[in-house]
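Asker: What follows is a single structure, and I will ask about it in a moment.
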Amino acid sequence: MNIKFSERLLSRLAAADAVVAFTGAGVSAESGVPTFRGTDGIWAKFKPEELANVDAFMRNPALVWEWYAARKKIIAAITPNAGHYALVQLERLFSSFAVITQNIDNLHRRAGSSRVYELHGNIERNYCMKCGVDYSNADILSMTEVPVCSRCGGLVRPDVVWFGELLPEEEWNHSVRAVESADVMLSIGTSSVVHPAAGLPILAKHSGAFLVEINPERTLLTENVDEFLKGTSAVILPLLLEQLVALEKQDHLAREKTKKS
Ligand code: BJW
Ligand code: ZN
């Protein structure tokens, strides 16, 4: 595919010291993890409130666990895609680069991103709601009934953030700090409907960052961004990386020439 990004976008990126990539379910779609909303989303049939909240879990832990066990299996079997890997390469071009993700699938870390803040938890972890002890996915998936704690008999739940729950404080604080000092923020593959995470791109813009959105569809954020790059993350991110590296090479050659003359 041949997309030529704007001079404005490339020069803002080339001049940036600090960049933040804020990601959502769309980034993992091309790895085979279904998104939440939209016609193909995992919630096309279920309302999020029916499964992703603590009341639903207490009412019917077997149903909620059935859903998480299925997703744990899908996620364990897939691999990061070209979008995740392009973010790993981009990290090397800036003095500060953070990935802030709403995704729980651990694919950014598996791809090799070194600074990842997970705002909605991680599906590879589980804990007892009564005594807090951790359980691995291997422990959980070997159980045939609803997982209960072998130490205290409490219910075990996935370590993810459900509706009405607070986001992990440390991850949130680090994210806000990274966003406030970003020169460029990329919002990638998120519908921008779930708060407080959806407020981060707006915070970046108010703090002076150049705001870019990558998504095949327009979202609630689109009218606020400086550049909207329409397309999927596994296509757009590698192209952006390629054109940025080409620009840096040109600049380097130009500087070498000036030194010689
Ligand atoms: C592609 C693509 C490709 C497709 N390439 N792109 C302010 C206003 C209104 C409500 C609230 C508010 N503040 C808080 C609330 C309540 C609530 C909320 O936001 N509700 C809204 C739905 C209205 N928020 C909360 O409850 C949060 N907690 C909180 O606020 O605590 C304070 C509090 C305490 C007590 C009482 C009240 C408040 C917690 C939110 C937790 C969200 N958890 C989930 C589940 C995680 C576990 C799990 O996975 O099972 O997180 S919900 C779900 O949505 C998941 C996601 O991380 C999150 C965001 O979804 P995302 O990533 O944007 O996915 P999609 O599917 O929506 O979009 C995919 C996008 O990709 C689309 O745009 C596609 O076009 C695009 N795409 N293919 C690139 N190849
Ligand atoms: Zn326990």
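The values are calculated or read from the model by the stated rules, or taken from the named source; none is laboratory data. Owing to the predicted nature of the structure, the values given are computational and were not obtained by experimental measurement. Cβ: placed from backbone, ideal geometry, glycine included. Neighbour counts: every protein chain shown. Side chains included, ligands, DNA and RNA excluded: accessible areas come from the protein's heavy atoms. Shrake-Rupley method; radii C 1.70, N 1.55, O 1.52, S 1.80 Å.
Asker: Answer with yes or no whether ILE123 is among the β-branched types (Val, Ile, Thr), buried (at least 19 other Cβ atoms within 10 Å of the Cβ) and over 30 Å from ALA16 (Cβ atoms). Please lay out each step first, then the result.
Answerer: Numbers: among the β-branched types (Val, Ile, Thr): yes; buried (at least 19 other Cβ atoms within 10 Å of the Cβ): yes; over 30 Å from ALA16 (Cβ atoms): yes.
Judged against the criteria, ILE123 is a match.
Asker: Still on this structure, please answer the following. Return the only residue of GLY164, GLY154, GLY132 being among the small types (Gly, Ala, Ser) and touching a helix residue (DSSP H, G or I) at 6+ places or on another chain (Cβ under 9 Å).
Answerer: Working: GLY154 fails: touching a helix residue (DSSP H, G or I) at 6+ places or on another chain (Cβ under 9 Å); GLY132 fails: touching a helix residue (DSSP H, G or I) at 6+ places or on another chain (Cβ under 9 Å).
So the residue among GLY164, GLY154, GLY132 that is among the small types (Gly, Ala, Ser) and touching a helix residue (DSSP H, G or I) at 6+ places or on another chain (Cβ under 9 Å) is GLY164.
Asker: While we're on this one: Which of (1) under 17 Å from the mean Cα position of the chain (by Cα); (2) exposed (fewer than 13 other Cβ atoms within 10 Å of the Cβ); (3) acidic (Asp, Glu) does GLU256 not meet, given it meets every other one?
Answerer: Failed condition: (1).
Asker: Does any residue of the range 220-227 turn out to be under 21 Å from ASN103 (Cβ atoms), assigned by TED's automatic domain parsing to the domain that holds ASN103 and either open to solvent by 50 Å² or more (accessible area, probe 1.4 Å) or not aliphatic (A, V, I, L, M) (or both)?
Answerer: Filtering the range 220-227 down to residues under 21 Å from ASN103 (Cβ atoms) leaves 220-222, 225.
Filter once more, keeping what is assigned by TED's automatic domain parsing to the domain that holds ASN103: 220-222, 225.
Now narrow it down to the ones that are either open to solvent by 50 Å² or more (accessible area, probe 1.4 Å) or not aliphatic (A, V, I, L, M) (or both): 220, 222.
Looking through the range 220-227, at least one residue is under 21 Å from ASN103 (Cβ atoms), assigned by TED's automatic domain parsing to the domain that holds ASN103 and either open to solvent by 50 Å² or more (accessible area, probe 1.4 Å) or not aliphatic (A, V, I, L, M) (or both).
Asker: Taking the range 127-180, which residues are of a type in the set (Gly, Ala, Ser), open to solvent by less than 70 Å² (accessible area, probe 1.4 Å) and more than 30 Å from LEU203 (Cβ to Cβ)?
Answerer: Of everything in the range 127-180, those that are of a type in the set (Gly, Ala, Ser), open to solvent by less than 70 Å² (accessible area, probe 1.4 Å) and more than 30 Å from LEU203 (Cβ to Cβ) turn out to be GLY132, SER136, GLY153, GLY154.
Asker: Any idea which of GLU91, GLU50 is free of Cβ contacts under 8 Å to residues at least 12 places away in the same chain and either open to solvent by 10 Å² or more (accessible area, probe 1.4 Å) or assigned by TED's automatic domain parsing to the domain that holds ALA14 (or both)?
Answerer: Numbers: GLU91 fails: free of Cβ contacts under 8 Å to residues at least 12 places away in the same chain.
Sole residue among the options that is free of Cβ contacts under 8 Å to residues at least 12 places away in the same chain and either open to solvent by 10 Å² or more (accessible area, probe 1.4 Å) or assigned by TED's automatic domain parsing to the domain that holds ALA14 (or both): GLU50.
Asker: Now, a different point. Taking the range 150-180, which residues are more than 23 Å from ARG115 (Cα to Cα) and within 16 Å of ligand 1 (Cβ to nearest atom)? Give the steps one after another, and end with the answer.
Answerer: The first filter runs over the range 150-180 and keeps only residues more than 23 Å from ARG115 (Cα to Cα), leaving 150-157, 162-165.
Residues satisfying the conditions are VAL156, ARG157, TRP162, PHE163, GLY164, GLU165.
Asker: Among residues belonging to the range 101-120 that are surrounded by fewer than 16 Cβ atoms within 10 Å (Cβ to Cβ) and among the small types (Gly, Ala, Ser), point out the one that is nearest to LEU200 (Cα to Cα).
Answerer: SER114
Asker: Of the residues that make up the range 133-149, is at least one within 23 Å of TYR85 (Cβ to Cβ) and within 16 Å of ligand 1 (Cβ to nearest atom)?
Answerer: Step one: filter the range 133-149 for residues within 23 Å of TYR85 (Cβ to Cβ), giving none.
No: zero hits.
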